[in-house]
Amino acid sequence: MTDSKKPIGEFKVDFNDGFDDELNMSLADKLAALAESRKAPKSPIEAALSGVDIETTPPTDSDGNPIASDELVARARPGEPAWYVIHCYSGYENKVHHNIDHRVETMGMSDYIFDVIVPSEEEVEVKEGKRKTIERRVFPGYMLVNMILTDDSWFVVRNTPGVTGFVGMGNEPTPLPEAEVDKILQRMEAEAPRIKVSFKVDQKVRIIDGPFNDFIGNVSEIDMERAKVRVMVSFFGRETPVELDFLQVEKT
């Protein structure tokens with residue numbers, strides 16, 4: 001398989017990080033070198049990271065022994081489906097999803113290309129005291145494709161309008177481990193929407209719900225796991241800590 005773009009150098013693919021922010025970082029780590037090689041503007045995630053040269057910094061296990069290169073990445077057995085990460089134009093993920101589906105149907109590739117996912121999640125944000133639910137891209141500009149990798153299936157996906165390439169070692173697409181795919185799917189299927197936090201510790205916020213409605217206070221602690229925030233408010237001349245839900249406060 002050959003790519004219409006200039007081949008890129010090898011870079012480390014390590015999908016073994018945690019899922020939440022850690023998975024964002026792990027996926028971006030694989031893509032930072034790609035963006036650098038193309039000399040294209042980096043996304044906010046990519047800009048925070050740099051590629052890893054596996055030739056000059058060989059990976060080792062916990063005992064310091066070198067890890068064989070074929071142990072670093074997930075491998076797809078020939079003829080079996082696997083999940084691959086593709087890069088597309090940010091903001092056009094749904095359009096690219098439609099384009100791939102259309103090409104699969106018209107080119108008779110449904111026996112090789114099975115599913116396309118745009119990782120996203122519901123997010124609740126509060127503005128001017130009003131709650132609004134929006135769909136947020138988990139990895140802007142990146143999509144997952146479940147497919148049996150052949151020259152033909154690669155060609156169909158790679159040459160879909162809006163797709164700029166596969167993520168992998170050099171020009172070889174690298175399958176995403178099933179454990180990481182499961183984490184992404186679980187995140188997308190979560191019943192409770194993610195709450196967007198616009199405030200930080202030591203910032204002033206206004207309480208918009210509950211017995212302390214309209215009180216102004218300073219954020220002293222943010223608990224992302226419990227979706228709680230502790231605010232110090234002046235009550236009868238004394239600073240009093242009040243624990244609230246994220247949706248009960250807004251940035252002043």
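Derivation of every value follows stated rules applied to the coordinates shown; laboratory data play no part. In this text, all values refer to a predicted model and were calculated from it rather than measured experimentally. Counting neighbours? That spans all protein chains shown, and the Cβs are built from the backbone with ideal geometry, glycine included.
If amide hydrogens are placed 1.01 Å from N in the peptide plane, which non-local residues have theirs closer than 5 Å to the one on S120?
V138
Can you tell me the dipole magnitude for the range 204-251 around its Cα centre, using point charges on the Cβ only (Lys, Arg +1; Asp, Glu -1), in Debye to the nearest 20? If you can, show how the numbers build up before the last one.
Working: 7 positive and 9 negative charges, 32 e Å.
With Lys and Arg at +1 and Asp and Glu at -1, about 160 debye.
Pick out, from V233, L247, I222, the residue whose Cα sits farthest towards the positive end of the charge dipole of the range 204-251, with +1 on the Cβ of Lys and Arg and -1 on the Cβ of Asp and Glu.
V233
Each residue of the range 98-115 in turn: what ³J(HN,Hα) in whole Hz from Karplus with 6.51, -1.76, 1.60 and θ = phi - 60°, glycine and Pro shown as x?
These are the phi-based 3J(HN,Hα) values: 4, 4, 5, 4, 5, 5, 4, 5, 6, 9, x, 10, 5, 7, 10, 10, 9, 7 Hz.
Can you pull the one-decimal nm distance between simple spin-label points at Q186 and I117, each 7 Å off the Cα toward Cβ?
1.2
Which of rounded, prolate, oblate describes the range 89-228, given a ≥ b ≥ c as roots of the alpha-carbon gyration tensor eigenvalues and a/c under 1.5 marking rounded, otherwise prolate only if a/b is larger than b/c?
In terms of gyration-tensor shape, prolate.
Mind listing which GluC sites (Glu not before Pro) in the range 90-161 are in a DSSP loop and have 12 or fewer other Cβ atoms within 10 Å? List each step's numbers first, then the result.
Numbers: sites: E93, E105, E121, E122, E123, E125, E128, E135; in loops: E128.
Answer in residue order: E128.
Near the amide H of Y89, under 5 Å away, which other amide H atoms are found, from residues 5 or more places off or on another chain, if H is placed in the peptide plane?
Correct list: T164.
Once phi is turned into θ = phi - 60°, what whole-Hz ³J(HN,Hα) does the Karplus curve with 6.51, -1.76 and 1.60 give for every residue of the range 81-97, x standing for Gly and Pro?
Running phi through 6.51 cos²θ - 1.76 cosθ + 1.60 with θ = phi - 60° gives x, 8, 9, 10, 9, 10, 9, 9, 5, 4, x, 10, 4, 5, 5, 5, 4 Hz.
Once the Cβ-Cβ distance between H98 and I134 is put in as r, and R0 is 22 Å, what FRET efficiency do you end up with, to the nearest 0.05? Write out the running numbers ahead of the final one.
On the way: r = 20 Å, r/R0 = 0.92.
The computed FRET efficiency comes out at 0.60.
Using θ = phi - 60° and the Karplus form 6.51 cos²θ - 1.76 cosθ + 1.60, what ³J(HN,Hα) does each residue of the range 242-247 get, whole Hz, x for Gly and Pro?
10, 8, 9, 6, 4, 6
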